[in-house]
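Here's a structure for you.
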Amino acid sequence: MSEKTSQSHIRFQISFTKPQAHYVDVRMEISGISQDQLELVMPVWAPGSYLIREFSKNVEGFKAMADGKAISHQKLRKNAWLVDTKNHAEISVLYRVYAFEVSVRTSFVDQSHAFLSPTGIFLYPEGMLNEPSEIQILPCNNWKTISTALENIGQNPYCFYAPNFDVLYDSPLEIGNQHIFKFTAANVLHEVAMYGGGMYDEEKLIADFTKIIEEETSVFKENPNQRYVFIIHNFNQGGGGLEHCSSTVLDVTRTAYADEKTYQDFLGLVSHEYFHLWNVKRLRPKALGPFDYQQENYTTSLWIAEGFTAYYDNLVLCRANLISVENYLKLLSEDITLVENMPGRKIQTLTEASFDAWIKFYRPNENTPNTTVSYYVKGSLVALFLDLIIIHQTEAKHNLDEVMKRMYNRFYKTENRGYTEAEFKTVLEEVAGSSLNHIYDQYINGLEDLDYNHYLGYAGLRLKVCAPETKPLPAIGISTSFTTQKLVVTQIERGTAAWQVGISVNDELLAINGNRIIDLEKTLQFLLPGDTIDLTLVRDGRLLELPVTLQKQHKIKYQIEEIAEPTYQQIISRNKWLICN
């Protein structure tokens with residue numbers, strides 16, 4: 001998409017005349033227009049969330065004005081409007097946006113606050129993504145605070161400046177009466193905006209956030225921000241985050257701070273999203289910037305952008321002494337267990353998972369576990385292997401941090417461009433001092449089983465299969481839910497008994513061997529692998545009986561443990577990995 005040279009001035013005014021009905025009122029003023037027609041476009045997706053979200057579906061009441069009168073316009077496409085600007089150097093465009101979807105990537109407005117995810121709010125003039133804009137917020141009468149990474153214009157707390165639309169789209173706004181606290185870490189001023197209450201200890205959050213920030217900054221040896229904003233939404237049930245260059249949005253269950261496990265999960269989320277300010281927001285695959293906001297931006301490298309970030313999130317907590325080494329290894333074991341029990345790991349490669357995120361990862365269905373692998377989780381395990389290889393090959397002189405630092409310095413700071421996957425591989429091999437073709441061939445572009453013990457062995461660790469706590473039940477190979485007094489199949493696992501005999505999602509299970517199923521788990525306790533049962537079910541209103549031969553439960557739980565007598569070099573390698581400093 002080419003960018004036109006323009007003398008235009010763009011200004012937005014945002015107001016909320018009907019917050020109880022979840023509407024945002026937008027007035028867009030454009031001056032300095034020289035062309036006869038102006039195309040205005042709304043993005044279809046939000047960077048960092050790889051799904052076409054069709055934000056324009058929420059737009060209504062579009063009209064264009066000049067000199068106080070309506071001017072003609074027409075809808076060009078689902079997300080584009082063409083305005084007749086002949087003889088008009090200055091126009092105003094007015095529209096409303098319905099905002100009632102709770103997530104970190106979509107806008108929400110009610111009487112208590114407004115959260116604006118900019119790609120679903122602000123139109124841009126075609127060919128003018130590099131143009132600056134001003135944004136004026138007119139809060140509701142009782143709203144007093146605006147939290148955003150955008151810079152204020154002068155001393156006006158309600159007016160902001162964006163040097164281009166990429167920055168505007170990367171700067172969400174929280175508007176209301178959120179609780180604000182600030183602190184400095186890694187020589188950067190940080191602001192935390194808390195909406196929705198929450199059972200948190202402000203001083204503890206500052207201390208723990210500071211440890212995360214300084215540990216992550218030490219990886220790259222600099223923090224590129226002058227100011228950074230955490231927008232945290234505390235809900236009855238919440239979870240998830242979205243990264244931005246100078247801010248992040250986190251959705252959290254408001255009671256999460258009071259429980260050790262859920263608080264640890266929250267810190268992992270903070271660590272993950274903050275690490276993104278380097279990895280993906282600045283150090284990025286070539287396909288992820290400059291963005292095309294009107295269609296999918298495909299890349300095979302999300303296993304780096306997200307997988308490496310997922311690797312570092314808990315590792316940083318360990319290095320910062322926010323979790324113990326034992327706890328970290330337990331979390332790593334859980335990731336291994338998750339991947340190894342995912343049938344899709346034998347079907348989809350990491351590069352395929354990355355490329356198809358738009359149609360598979362973000363559009364899951366009942367067959368997703370059978371056909372896909374998570375580029376987050378498997379990507380993090382490949383990052384683990386690469387980290388341990390580098391430590392081993394360099395005799396603990398370097399680790400994966402050195403790769404991240406070199407990539408950041410070379411492609412962001414020096415060349416200011418995205419990298420190709422081949423260029424990332426080159427730097428990995430440069431630091432490791434050897435070819436990594438086997439890693440790429442087997443685990444990134446291939447489907448071979450991950451050899452955990454080989455690489456964990458470099459750190460004096462090994463992977464073992466946990467003995468089941470109770471006698472394992474025979475397996476049918478299904479997941480079920482109990483709704484409206486019906487036991488309904490929700491998922492069929494590839495290769496299991498259910499898969500073989502043709503049990504289907506949405507089948508209602510009635511009886512086993514003529515006996516009504518009251519509790520499926522209890523019924524299976526009296527059976528053995530190899531037993532054949534007569535399963536009665538309802539499909540599309542018709543009774544069916546299927547003979548099912550039960551299988552041995554194949555779900556396996558893994559645990560990382562230390563080998564009996566680690567060598568000095570293995571201990572040194574482990575320290576370089578987990579302690580680093």
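The values are calculated or read from the model by the stated rules, or taken from the named source; none is laboratory data. In this text the structure is predicted, and so the values were computed from the model without any measurement. For neighbour counting, all protein chains shown are included, and Cβ atoms are generated from backbone atoms with ideal geometry for every residue, glycine included. We work out accessible area using only protein heavy atoms, side chains counted, and drop any ligands, DNA or RNA first. Shrake-Rupley method; radii C 1.70, N 1.55, O 1.52, S 1.80 Å.
So, of the residues in region 500-541 that are part of a strand (DSSP E or B) and charged (D, E, K, R), which turns out to be surrounded by the most Cβ atoms within 10 Å (Cβ to Cβ)?
The first filter runs over region 500-541 and keeps only residues part of a strand (DSSP E or B), leaving 508-512, 515-516, 532-539.
Subset that is charged (D, E, K, R): 508, 516, 534, 539.
Numbers: Glu508: 18, Arg516: 10, Asp534: 13, Arg539: 15.
Here the answer is Glu508.
Would you tally the residues in region 353-370 being touching a residue at least 60 places away in the same chain (Cβ under 8 Å), in a helix (DSSP H, G or I) and hydroxyl-bearing (Ser, Thr, Tyr)?
Matching residues across region 353-370 total 0.
Can you pull out every residue in region 165-199 that is part of a loop (DSSP other than H, G, I, E, B) and closer than 15 Å to His244 by Cα? Spell out how you get there, then give the answer.
So the first thing to find is which residues in region 165-199 are part of a loop (DSSP other than H, G, I, E, B), and the list is 170-172, 177-178, 186-187, 196-199.
Within region 165-199, Asp170, Ser171, Pro172 qualify.
Are any residues in region 534-581 of a type outside the set (Gly, Ala, Ser) and on the phi > 0 side of the Ramachandran plot, and if so, which ones?
Filtering region 534-581 down to residues of a type outside the set (Gly, Ala, Ser) leaves 534-540, 542-563, 565-572, 574-581.
Across region 534-581, the qualifying residues are Asp540, Cys580.
Let me ask another. Name the single residue that is least open to solvent (accessible area, probe 1.4 Å) among those in region 49-85 being among the β-branched types (Val, Ile, Thr) and farther than 26 Å from Thr17 by Cβ. So that I can check it myself, show each step before the final result.
To start, the set of residues in region 49-85 that are among the β-branched types (Val, Ile, Thr) comprises 52, 59, 71, 83, 85.
Add one more test, that the residue is farther than 26 Å from Thr17 by Cβ, and what stays is 52, 85.
Working: Ile52: 28, Thr85: 2 Å².
Checked region 49-85; the qualifying residue least open to solvent (accessible area, probe 1.4 Å) is Thr85.
Yes/no per residue for (1) assigned to a helix (DSSP H, G or I); (2) surrounded by 19 or more Cβ atoms within 10 Å (Cβ to Cβ):
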| residue | (1), (2) |
| --- | --- |
| Leu317 | yes, yes |
| Lys330 | yes, no |
| Glu334 | yes, no |
| Ala383 | yes, yes |
| Leu388 | yes, yes |
| Ile391 | yes, yes |
| His398 | no, yes |
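Can you pull out the residues in region 194-208 that are modelled with pLDDT of 95 or more, among the hydrophobic types (A, V, I, L, M, F, W, C) and either open to solvent by 40 Å² or more (accessible area, probe 1.4 Å) or touching a Phe, Trp or Tyr at 6+ places or on another chain (Cβ under 7 Å) (or both)?
Ile206, Ala207
Looking only at region 209-223, which residues are open to solvent by 10 Å² or more (accessible area, probe 1.4 Å), in contact (Cβ under 8 Å) with a residue 12 or more places away in the chain and either outside any helix (DSSP H, G or I) or closer than 11 Å to Leu277 by Cα (or both)? Lay out the reasoning, then the answer.
Residues of region 209-223 open to solvent by 10 Å² or more (accessible area, probe 1.4 Å): 210-211, 214-215, 217-218, 221-223.
Narrowing the set further to residues that are in contact (Cβ under 8 Å) with a residue 12 or more places away in the chain leaves 210-211, 214-215, 217-218, 221, 223.
Answer for region 209-223, where residues must be open to solvent by 10 Å² or more (accessible area, probe 1.4 Å), in contact (Cβ under 8 Å) with a residue 12 or more places away in the chain and either outside any helix (DSSP H, G or I) or closer than 11 Å to Leu277 by Cα (or both): Thr217, Lys221, Asn223.
Further, regarding this structure: Assigned to a loop (DSSP other than H, G, I, E, B), at pLDDT 95 or above, of a type outside the set (Asp, Glu) and open to solvent by 40 Å² or more (accessible area, probe 1.4 Å), is that true of Leu447? Full working, then the answer.
Values: assigned to a loop (DSSP other than H, G, I, E, B): yes; at pLDDT 95 or above: yes; of a type outside the set (Asp, Glu): yes; open to solvent by 40 Å² or more (accessible area, probe 1.4 Å): yes.
Judged against the criteria, Leu447 is a match.
Also, I was wondering about something else. Only one residue in Glu429, Glu421, Glu493 is farther than 23 Å from Gln525 by Cβ, among the acidic types (Asp, Glu) and touching a residue at least 24 places away in the same chain (Cβ under 8 Å). Which one? I'd like the intermediate steps shown before the answer.
Numbers: Glu429 fails: touching a residue at least 24 places away in the same chain (Cβ under 8 Å); Glu493 fails: farther than 23 Å from Gln525 by Cβ.
Only one candidate passes the filter, namely Glu421.
Select from region 538-571 the residues that are of a type outside the set (D, E, K, R) and free of Cβ contacts under 8 Å to residues at least 40 places away in the same chain and write down the one among them that is nearest to Glu334 (Cα to Cα). Show your work before the answer.
Applying the first criterion (of a type outside the set (D, E, K, R)) to region 538-571 yields 538, 541, 543-544, 546-551, 553-554, 556, 558-560, 563-564, 566-571.
Imposing the further condition that a residue be free of Cβ contacts under 8 Å to residues at least 40 places away in the same chain reduces the set to 538, 541, 543-544, 564, 568.
Values: Val538: 36, Gly541: 40, Leu543: 40, Leu544: 38, Ala564: 22, Tyr568: 28 Å.
The extreme case among them is Ala564.
Any idea how many residues of region 182-193 are open to solvent by less than 10 Å² (accessible area, probe 1.4 Å) and farther than 30 Å from Met28 by Cβ? Before the answer, list the steps.
If we filter region 182-193 for residues that are open to solvent by less than 10 Å² (accessible area, probe 1.4 Å), which is where we start, we get 185, 188, 190, 192-193.
Then drop every residue that is not farther than 30 Å from Met28 by Cβ, which leaves 185, 188, 190, 192.
Going through region 182-193 one residue at a time, the tally reaches 4.
Moving to a separate point now. Quick check on my filter: what residues within region 336-375 are closer than 23 Å to Met404 by Cα and crowded, with 22+ Cβ neighbours inside 10 Å?
Correct list: Leu350, Ala353, Ser354, Ser374, Tyr375.
If you take the residues of region 271-303 that are in contact with a strand residue (DSSP E or B) (Cβ under 7 Å, 6 or more places away or on another chain), in a helix (DSSP H, G or I) and touching a residue at least 40 places away in the same chain (Cβ under 8 Å), which of them is surrounded by the fewest Cβ atoms within 10 Å (Cβ to Cβ)?
His272
Would you pick out the residues in region 152-167 that are over 20 Å from the mean Cα position of the chain (by Cα) and touching a residue at least 40 places away in the same chain (Cβ under 8 Å)?
Within region 152-167, the first condition is being over 20 Å from the mean Cα position of the chain (by Cα), and the residues that meet it are 152-165.
Of everything in region 152-167, just one residue is over 20 Å from the mean Cα position of the chain (by Cα) and touching a residue at least 40 places away in the same chain (Cβ under 8 Å), namely Phe165.
Yes/no per residue for (1) out of contact with any Phe, Trp or Tyr (no Cβ under 6 Å at 6 or more places or on another chain); (2) open to solvent by less than 10 Å² (accessible area, probe 1.4 Å); (3) basic (Lys, Arg); (4) on the phi > 0 side of the Ramachandran plot:
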position: Val102; (1), (2), (3), (4): no, no, no, no
position: Phe115; (1), (2), (3), (4): no, yes, no, no
position: Leu138; (1), (2), (3), (4): yes, no, no, no
position: Thr145; (1), (2), (3), (4): yes, no, no, no
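Next question, about the same structure. Scan region 403-444 residue by residue and report those that are within 22 Å of Ala287 (Cα to Cα), open to solvent by less than 60 Å² (accessible area, probe 1.4 Å) and small (Gly, Ala, Ser).
Answer for region 403-444, where residues must be within 22 Å of Ala287 (Cα to Cα), open to solvent by less than 60 Å² (accessible area, probe 1.4 Å) and small (Gly, Ala, Ser): just Gly418.
Hey, can you tell me all the residues within region 162-181 that are surrounded by fewer than 22 Cβ atoms within 10 Å (Cβ to Cβ), in contact with a helix residue (DSSP H, G or I) (Cβ under 9 Å, 6 or more places away or on another chain) and more than 17 Å from Ala114 (Cβ to Cβ)?
Of everything in region 162-181, just one residue is surrounded by fewer than 22 Cβ atoms within 10 Å (Cβ to Cβ), in contact with a helix residue (DSSP H, G or I) (Cβ under 9 Å, 6 or more places away or on another chain) and more than 17 Å from Ala114 (Cβ to Cβ), namely Phe181.
For region 371-381, enumerate the residues that are within 19 Å of the chain's Cα centre (by Cα), assigned to a helix (DSSP H, G or I) and hydroxyl-bearing (Ser, Thr, Tyr).
Of region 371-381, the ones within 19 Å of the chain's Cα centre (by Cα) are 372-381.
Still in the running and assigned to a helix (DSSP H, G or I): 377-381.
Listed by number, the list holds a single entry, Ser380.
All but one of (1) under 30 Å from Thr351 (Cβ atoms); (2) touching a Phe, Trp or Tyr at 6+ places or on another chain (Cβ under 8 Å); (3) open to solvent by less than 70 Å² (accessible area, probe 1.4 Å) hold for Cys466, so report the exception by its number.
Looking at each condition in turn, Cys466 falls short on (1).
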